1. Would you check segment A:22-107 for Lys pairs whose C-alpha atoms are within less than 23 Å, ignoring same-chain pairs closer than 8 in sequence, and give me the count?
2. Residues of A:403-416, mean number of Cβ from any other protein chain within 10 Å of their own Cβ, rounded to a whole number?
3. Compute the signed sum of charges (Lys and Arg +1, Asp and Glu -1) over the other residues within less than 10 Å, Cβ to Cβ, of A:Asp569.
4. Given the peptides B:115-122, B:61-68, arrange them by the average over their residues of other C-beta atoms within 10 Å, most packed first.
5. Loop-only trypsin sites (Lys or Arg not before Pro) in segment A:232-334, please: DSSP not H, G, I, E or B, and at most 16 other Cβ atoms within 10 Å.
6. Please give the average number of partner chain Cβ atoms lying within 10 Å of the Cβ of each residue in B:60-67, rounded to a whole number.
7. Check B:Ile73: other-chain or 5+ apart residues with amide H under 5 Å from its amide H, H built from backbone geometry?
8. Of the cross-linked pairs A:Lys398/A:Lys567; A:Lys586/B:Lys104; A:Lys520/A:Lys557, which ones have a Cα-Cα span greater than 18 Å in the structure shown?
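Bear in mind these aren't lab numbers, they're just calculated from the coordinates by the rules spelled out. These figures come from a predicted structure and were not determined experimentally. Reconstructed Cβ throughout: ideal geometry from the backbone, glycine too, with neighbour counts over all protein chains shown.
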Amino acid sequence: MQSGDDEIKEIFLSEAFEQTEELNKLFTHLEKNHTNKQAIEAIFRITHTLKANAAGMGLEDIAAIAHVLEDIFNEIKTDNITLNQDLFNDLFKANDILCALINQVKTPGLPVKFRGIKTKLEVRVKKLKDEASENNLQDAAHTSQAQLNKDYKKPVLKRKSPSKAQLEKASRLTKTILTDAKTGIDMIHAIQALAPSETTDPNPEESIEKEAAKNKPADDTKIVISENIHIPVRKLDNLLNLVGELIIEKDRVIALNGEHGKGRLNEYTRLQRITSELQFSVMDIRLVQVNVLFNKFHRIVRDVAAIENKKVNLLLEGTENEIDRNILQIISDSLVHLVRNAISHGIEPKEQRIRQGKGEHGTLKLSAKSEKNEVIIEITDDGQGIDPKRIAKKAIEKGLLTKENASLMSDEDIIYLIFEPGFSSAEKITAISGRGVGMDVVKKAIDSIGGTVSIDSQTGAGTTITLRLPSSMAMKGALLFELESGAFAIPLSYTKAVIAISKKEIHQIGNNLMTTHLDKNISLIYLNDLFNLKQLSDSGKEKFMLRSFNKSSMDEKLHIIIISFNKKDIGFVVNKLLQQKEIVEKPLCKPLREVKFISGATILGNGNVCLVLDAPAIVNFLFKGSKPSTHQSQFAAETNY
Amino acid sequence: MESVTENKILPVNSEKKQKSFQIIVFKLGSEEYALSIEQIKEVVSTPNIARIPLTQSYIKGVGNIRGNVLAIIDLAERFGIASEAEINHGTHKYTLVVASEEYKIGILVKEVPNTLRVTDADIDTSPHMIQDSSLGNNYIRGIVKSGNRMIILMDVFKIITKEDKEFILKAD
């Protein structure tokens, strides 16, 4: 957690410095042109943000000054304060103090005195307000003065060593006075005199000057340029692309010379090392902590729980784990959806929870952990779990499943039906769930970045949804193989095994080919046949799908890649296996963006393009084709998105 | 990048001050076609092409052009004016890289194309032609007459935009 806090602090500091700089600039503009409404608005906004940020960081002093500035500009906005040179002097001073305070957060040093200027500015605001309601205040002022005299006789006498409590009380009273009446101003100075480091000088003007003098060494006119820079992600994307190309080019150079120049091994090793370090540095820049996303859920959970009238505690775990910024962006909507689902479908209404002895508050846990090149995000609730019977009923109603099939399926398989397009288990449509984006959209988003989703649900005890995500989108392991039409790659995240069997071991069942692998029956498909289809609707017909099978001889060894996706296994028969390789996948650009079964392309060491198979799309297509009920409409849906 | 030779056939008539611009002329089948020069980014020798499954046959596939993976298209085959031998053996040595804000694709050509400077007056923009309805009717910008030559000036992106979806085989 420590490193996480440090990072937040760094971000705060860099922003705060920028904000004070911006304030300086805007004050200057405003000083030249007192009617600059835009500048006034901007200052108001900046001080407001700064106040909120500082308060969030627990930096009360900074927040306090920003707060006063905000108040003043609120008055300026409504033309209650007229701008004059005197005010600007104070504003610039206040900003200097802000700078000094922020600096102090960065490198702790002598404490910065800020109360003088704060008080002075506060008084300005109060004066205004008081003028409006002066009459009302007279009485209050008298009472408070009397009380003050009574309360503070003792501390004023014991000036040598005022206790902390006394000081606190004093400052609290300062506030009381300020809200009471103008007459309080004199008393403030008296109370301020209690602070050991401050003089009894009753003139705030002078004490401010002194503060400024004391703070001098810290801020002076030294220009501080922030140590953090903001970069648009687009630039990083570009950089990453270039690094990807560099790696491809490096592989190519090494492959070209490898055969001849064995003696150059050293140079190549160095090149290899530098490029891979470069790659990891670039990837590292793109990593952000998951709390960037997780922290947004405090509010979301609160809002959803309020609407659903449920009580939910949010727990965050492992927020310091890092993940590629773009991946976080892609999954953010999915995560929101999953969290909403967990609250509105998972966690029970409080009456029901109490009846079941679970405790009024439901718990929702978001946790992240890193494992090798993956980040695993879990959304856990302690609600009622997913009821397979309800899912099955719904699936049958929606025509995703027949009654006979439902009775054959395991509970687990049934639960996974919630990922099917067109499935939405919300029985009534509420503001939160059932807005048309279903779990299938979540699934698609996760698939698109090569991640996986799994569900573990215990009826009555809760549900855990696990997202396994690549921590970086840049490189992925892939298996290269050859088909009639050239080389293809398939991401290793989908491959389960590679086997070589002879045709004898393959059985034809109807139009399907099956074999056994590790005691499990697996459907086989010749990718060549699939890719040679003239129309996708021919996929069920024997003469197309079994063309290669019928042609091959009985003893021929067949290379099969077994892929696994969404708990479905299938074997792809390929011509030849090539190698395993780290690839940089690029999406195909327009006009080929909607090409089926291909998710992108990579450039190989020899400069040739190698297409990357979209395994999820192929598996979905093949298994959909075999579904009984909604055969036709499924096909249409498949082609239209 | 192959050098592109320029033959200025038409002297610019300075008196009339007509707007002149350059076009890139290439052969498809036995006819001459042209694109306006700003649509063309470069001419390269055709890279190895990876065929994309389940696309129309005139989409030859994708190739690596300076680190970019671009779709490569045979317009001759699309127009139905390519000979069998051309389709099967891929005699197209060069690729024109054409780019708009939205698209960047390669177009196969047999020979290094020429540039030609023409003026607006050289272009007959309302040719009385029976348009091929399958290609849409506005991809031809006009006919350029240059001596005995008749050059078809087209807007390649009109073709691509229209066919964007048709590139990919449908289920029906």
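1. 15
2. 0
3. +4
4. Order by mean packing, descending: B:61-68, B:115-122.
5. Filter output for segment A:232-334: A:Lys296, A:Lys311.
6. Across B:60-67, the average partner-chain Cβ count within 10 Å equals 5.
7. Those qualifying (amide H under 5 Å, at least 5 residues apart or on another chain) are B:Lys60, B:Gly106, B:Ile107, B:Leu108.
8. A:Lys398/A:Lys567; A:Lys520/A:Lys557
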